[in-house]
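Structure, as structure tokens:
The values are calculated or read from the model by the stated rules, or taken from the named source; none is laboratory data. Values in this document were obtained by computation on a predicted structure and should not be read as measured data. Neighbour counts run over all protein chains shown; Cβ positions are idealised from the backbone, glycine included. The area values use the complete protein model at the heavy-atom level, side chains included, leaving out ligands, DNA and RNA. Shrake-Rupley method; radii C 1.70, N 1.55, O 1.52, S 1.80 Å.
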Amino acid sequence: MSHFSIVKSNNEARRRRRRALLNKTAVAVILQQQEARYVDLRGQYCQLNDKTPAVSLFFGDGDLKKDFRLSRESVNALVEALVDEHIHGWGRELEVAVFLYWLASATSYRVVSEAFDVPLSTVHMIVHRVAKGILQIYTKAVCFPSEAELEVIGAGFAQLAGSPALNRVAGSIDCIHIRIKPPGEYKEDYYNRKLFHSIQLQAICDHKGRFLNAFVGLPGSVHDARVLRWSSVYVQQLYPPPGWCIIGDGGYPCLATPICLMTPFREPVQGPVQARYNKHLSKARCVVERAFGMMKTRWRSIFLKALEVKKT
């Protein structure tokens, strides 16, 4: 090979190396610019807009019950009780605020997104994550009372009834329908006597309306008595303890075993004694209906519109 050919080959090799280096440099600059742009966007994404009314109210000093349906003390207790499995850029306080606002307002994710100035997908993710966190602490709030608390509950029911004869009542039981969008299969099973599709929620509450147990999921066409017979309270004889009873309306059977359940005499009653018993029992039993009423008006996303849930 001649000297001229060697020099030409070396020049071509240098030009190729120079082009490769320039290409690498251009790619690096582009990647660096994209990364900087992503960091800027990520900073804006997790930046809290305290100018929105919902955010300023939640982090201010005003009363939260109007828009979030809980007192500030209850909200703070919920924030502290939730377990952080995933650290999110928005913070646990804001996630609880978004979840409570959605749950209380019976509105869409889009409206909540605009109210808090956060992305729509973030609202969806927050609602599901906070709901999962609440399920983890569910048994700490909804549980059967201790022996000392039973005495207080019995005295409370006797006061509600206006008769000391009901001082061994440990709870009031009833069912409520939760409206759902019917599944494609067996949807007629979910059509209840109130002429809409639902699933059943059976609950037992104390004299103050605090829920002690809940059983949910059976189709709306199932009778209250059958819901009771399929619930864990009945099958496993979980509640009430021996020597105590729970009370219910005429839709339930009067039982002594496997659980003690007192119900009113059927109309027409036979004499003033049965009438007086029904009157006092009704005064005590209605506390569960008041508890359902408060729950309906407080958590409107569940009880005032049809839920899209899996039937399982």
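Please indicate, with yes or no, whether at least one residue in the stretch 138-146 is among the small types (Gly, Ala, Ser) and over 12 Å from the mean Cα position of the chain (by Cα).
Quick first cut of the stretch 138-146, residues among the small types (Gly, Ala, Ser) only: 141, 146.
If we keep only those that are over 12 Å from the mean Cα position of the chain (by Cα) too, we end up with 141, 146.
Taking every residue of the stretch 138-146 in turn, at least one turns out to be among the small types (Gly, Ala, Ser) and over 12 Å from the mean Cα position of the chain (by Cα).
Just to be sure before I move on: is Ala256 over 30 Å from His197 (Cβ atoms), over 33 Å from the mean Cα position of the chain (by Cα) and of a type in the set (A, V, I, L, M) in the structure I sent?
yes
Quick check: anything in the stretch 191-203 surrounded by fewer than 18 Cβ atoms within 10 Å (Cβ to Cβ), at pLDDT 95 or above and closer than 26 Å to Cys143 by Cα?
No; the residues of the stretch 191-203 include none that is surrounded by fewer than 18 Cβ atoms within 10 Å (Cβ to Cβ), at pLDDT 95 or above and closer than 26 Å to Cys143 by Cα.
Say whether the condition of being under 15 Å from Asp174 (Cβ atoms) and exposed (fewer than 15 other Cβ atoms within 10 Å of the Cβ) is met by at least one residue in the stretch 233-247.
Checking the stretch 233-247: not a single residue is under 15 Å from Asp174 (Cβ atoms) and exposed (fewer than 15 other Cβ atoms within 10 Å of the Cβ).
When only residues in the stretch 106-119 that are in a helix (DSSP H, G or I) and either open to solvent by less than 10 Å² (accessible area, probe 1.4 Å) or at pLDDT below 90 (or both) count, which is nearest to Phe58 (Cα to Cα)?
Quick first cut of the stretch 106-119, residues in a helix (DSSP H, G or I) only: 109-116.
Among the residues that remain, those that are also either open to solvent by less than 10 Å² (accessible area, probe 1.4 Å) or at pLDDT below 90 (or both) are: 112, 116.
Values: Val112: 14, Phe116: 10 Å.
Looking at residues that are in a helix (DSSP H, G or I) and either open to solvent by less than 10 Å² (accessible area, probe 1.4 Å) or at pLDDT below 90 (or both), I get Phe116.
From Ile6, Ile87, which residue is within 21 Å of Lys132 (Cα to Cα) and either modelled with pLDDT under 85 or open to solvent by 40 Å² or more (accessible area, probe 1.4 Å) (or both)? Spell out how you get there, then give the answer.
Working: Ile6 fails: within 21 Å of Lys132 (Cα to Cα).
Sole residue among the options that is within 21 Å of Lys132 (Cα to Cα) and either modelled with pLDDT under 85 or open to solvent by 40 Å² or more (accessible area, probe 1.4 Å) (or both): Ile87.
In the set Ala158, Ala214, which member is modelled with pLDDT of 95 or more, part of a strand (DSSP E or B) and of a type in the set (A, V, I, L, M)?
Details: Ala158 fails: part of a strand (DSSP E or B).
It is Ala214.
Just to be sure I understand, how many residues within the stretch 115-136 are closer than 18 Å to Ala54 by Cα and among the hydroxyl-bearing types (Ser, Thr, Tyr)?
Total meeting the criteria: 1.
How do the helices (runs of 4 or more DSSP H) wholly within the stretch 269-312 filter down when requiring 3 or more residues that are modelled with pLDDT of 95 or more and surrounded by 14 or more Cβ atoms within 10 Å (Cβ to Cβ): which remain? Quick ask: steps written out before the conclusion?
On the way: elements: 272-285, 287-298, 300-303.
Those helices (runs of 4 or more DSSP H) span 272-285, 287-298.
Quick check on my filter: what residues within the stretch 164-190 are part of a loop (DSSP other than H, G, I, E, B) and more than 28 Å from Cys143 (Cβ to Cβ)? Lay out the reasoning, then the answer.
Quick first cut of the stretch 164-190, residues part of a loop (DSSP other than H, G, I, E, B) only: 167-168, 181-186.
Correct list: Lys181, Pro182, Pro183, Gly184, Glu185, Tyr186.
Let me spell it out: the conditions are (1) closer than 22 Å to Leu261 by Cβ; (2) assigned to a helix (DSSP H, G or I), and Arg193 meets all of them except one. Which number is the exception?
(2)
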